[in-house]
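The values are calculated or read from the model by the stated rules, or taken from the named source; none is laboratory data. The structure displayed is predicted, hence computed values, not measured ones. Every residue, glycine as well, gets a Cβ built from its backbone with ideal geometry; the counts of neighbours run over all protein chains shown. Just so you know, the surface numbers come from the protein's heavy atoms only, side chains and all, with ligands and any DNA or RNA stripped out. Shrake-Rupley method; radii C 1.70, N 1.55, O 1.52, S 1.80 Å.
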Amino acid sequence: MRNYPQIGVQVADVLLPRPGIDLHKWAVIACDQFTSQPDYWEKVSALVGESPSTFHLILPEVYLGTPEESRRIHSAQETMRRYLEANLFETYTGLIYVERTVGEKTRRGLILALDLEKYEFTPGAQSLIRATEGTILERIPPRMRIREGAMLELPHILVLIDDPERTVIEPVAEQSERLPLLYDFDLMLGSGHLRGRWVNDPALEQQVVRALERLASPEVFYTKYGVGREKGVLLFAVGDGNHSLATAKSVWEKIKAQVGPDHPARYALVEIENLYDEGLEFEPIHRVVFNAQRDMLSDLQAWFGERLTLQPCAGEDEMVEQVHRPQPSNEHRFGIISAQGYWLARVHQPESNLPVGTLQTFLDAWLKQQNGAKIDYIHGREVVSTLGRQGGNYGFYLPAMPKTELFRTVILDGVLPRKTFSMGEAIEKRFYMEARRIA
């Protein structure tokens, strides 16, 4: 492994399953997906069986807070030890170039490790590596229980760089055909195709490092965003997996005094992607409130008062069309779905910068006053509509955030409201493939 401390990067020792292992069964989707759809994970379990798989090394969050949680944490940690003892992995020191194709879209990325000393997830942080959304602190302890006893980490973290000139990842893509092929296979359950190549060319690695150094140079940064020196340079913005990276940071802060600065837990393996990759689309993350004992439409009206207009819609299509119409600068729109029908909510003179912030402020306050009501964050129009129409539930349909606004918004305003955007639909989320030793 090689460290580049000025940009917070480590070129890591990456573990991949040895030849002969069925990669279609090995790779599974990020643990924080399909949390309200246990049938998805039942399909994964049936497909994988007892075959070597990352499914046996993670805790799908559909099981958080259930009797399965403790058993699965213990089983995952024991399976890590068993896989290592069985020499199930081969080690590759270097960057890994990744191509993920779903439908007509291909995203490109590089696997590397980031220095947690240069990452902060607290609001207002000016660190080189930053969270883009608010971190729910109570979600960290159960994840810490997994990582603290784990010998391996498996990344589903996607980190963004703002590289409109395409200087970091795209030059590797142009030369990818000459790089050794590590894996090339179809992912399970309709999630597309994954291909990975080993960047074993020192000159190409150095080209990547120099390009990242340029993006992180104060001269480029302050000119690019038109901000003063009171703003810290932002090179890496967490796109997906913020709570997983926050967990890695929390574990590192807890143990670093005992283990010293060179311990592998100081770093976290991630995939970096360019914000300007044509295959990367920002999708909205919708909300569903379950077991609501009150009329949320009345409570919304009471919360926003005369600033809220509720407009009934004939159906889902009309609601979606109204949400996506061009909005006046002094108005936010989102859709509401319940067993009684569909509505368009129009909030005039909003206090937040984005519709998701306007809605989330209400939901956070409302949920604190309710016993038994729960919220989940949902990908996809069909799922939020199906769940929202069930008795006792309310679905909230949101517009997407333009991806080009991300870095500037984080630099100027700090973290976004949690679950503001998603890098693609649920089936497009990162799959666990690579691993790294952290103990």
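Figures for the structure shown
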{"quantity": "Neighbourhood charge, 13 Å Cβ-Cβ cut-off, centred on Lys231 and excluding it, Lys, Arg +1 and Asp, Glu -1", "calculated": "+2"}
{"quantity": "Surface accessible to a 1.4 Å probe, per residue, for the residues of segment 85-130, Å²", "calculated": "39 Å²"}
{"quantity": "Segment 1-50 - Kirkwood radius from inverse mean 1/r over Cα pairs (Å)", "calculated": "14.1 Å"}
{"quantity": "Local net charge near His243, Cβ-Cβ under 13 Å (Lys/Arg +1, Asp/Glu -1)", "calculated": "+1"}
{"quantity": "With every protein chain in place, the chain: carbon and sulfur % of accessible area (1.4 Å)", "calculated": "49 percent"}
{"quantity": "R0 of 51 Å, Cβ-Cβ distance Asn291-Arg82: FRET efficiency to nearest 0.05", "calculated": "0.80"}
{"quantity": "Mean projection area, nm², convex hull over Cα of the chain", "calculated": "21.4 nm²"}
{"quantity": "Whole-Hz couplings from phi, Karplus 6.51/-1.76/1.60, listed for segment 416-426; x for Gly and Pro", "calculated": "7, x, 4, 6, 7, 9, 10, 7, x, 6, 4"}
{"quantity": "For segment 256-383: rounded, prolate or oblate by the Cα gyration tensor [a/c cutoff 1.5]", "calculated": "prolate"}
{"quantity": "Cα radius of gyration and Dmax for segment 297-368 (Å)", "calculated": "11.7, 33"}
{"quantity": "Stretch in the chain that is longest and holds no GluC sites (Glu not before Pro) that DSSP places in a loop and that have at most 11 other beta carbons within 10 Å", "calculated": "352-439"}
{"quantity": "With Cα atoms, 0 to 90° folded angle of helix 202-215 axis to the chain main axis", "calculated": "40 degrees"}
{"quantity": "Segment 40-54 versus segment 288-332: alpha-carbon centroid distance in Å", "calculated": "39 Å"}
{"quantity": "5 angstrom amide H check on Ile378, placed H, neighbours 5+ away", "calculated": "His286, Arg287, Val288"}
{"quantity": "Among Ala237, Ala76, Ala46, residue whose mean-square fluctuation peaks in a GNM of the chain (springs only between Cα atoms under 10 Å)", "calculated": "Ala46"}
{"quantity": "Prolate/oblate/rounded call for segment 148-188, Cα gyration tensor, a/c under 1.5 rounded", "calculated": "oblate"}
{"quantity": "Full-extension gain in nm, Arg195 to Asn371, via 0.36 nm per residue minus C-alpha separation", "calculated": "58.7 nm"}
{"quantity": "Estimated vicinal HN-Hα couplings, Hz - segment 111-123 in sequence order (Karplus 6.51, -1.76, 1.60; Gly, Pro = x)", "calculated": "8, 7, 10, 10, 7, 5, 5, 9, 10, 9, 10, 7, x"}
{"quantity": "Segment 1-70 - accessible surface per residue (Å², probe 1.4 Å)", "calculated": "41 Å²"}
{"quantity": "Whole-angstrom gap from segment 97-116 to segment 229-267, using each part's C-alpha centre", "calculated": "20 Å"}
{"quantity": "Most to least accessible of Met1, Met144 (protein chains only, probe 1.4 Å)", "calculated": "Met1, Met144"}
{"quantity": "Longest segment of the chain lacking trypsin sites (Lys or Arg not before Pro) that sit in a DSSP loop with at most 12 other Cβ atoms within 10 Å", "calculated": "1-228"}
{"quantity": "Residues whose placed amide H lies under 5 Å from that of Ala125, excluding near-sequence neighbours", "calculated": "none"}
{"quantity": "Estimated vicinal HN-Hα couplings, Hz - segment 240-253 in sequence order (Karplus 6.51, -1.76, 1.60; Gly, Pro = x)", "calculated": "10, x, 4, 6, 5, 5, 5, 5, 4, 4, 5, 5, 4, 4"}
{"quantity": "Interchain or long-range residues, amide H under 5 Å from Gly192's placed H", "calculated": "Leu187"}
{"quantity": "Once the Cα gyration tensor of segment 137-250 is diagonalised, semi-axes √(5λ) in Å", "calculated": "28, 26, 13"}
{"quantity": "Alpha-carbon Rg/Rh ratio, for segment 185-265, with Rh computed the Kirkwood way", "calculated": "1.08"}
{"quantity": "Three-way shape call for segment 93-157 based on the alpha-carbon gyration tensor, with the a/c threshold at 1.5", "calculated": "prolate"}
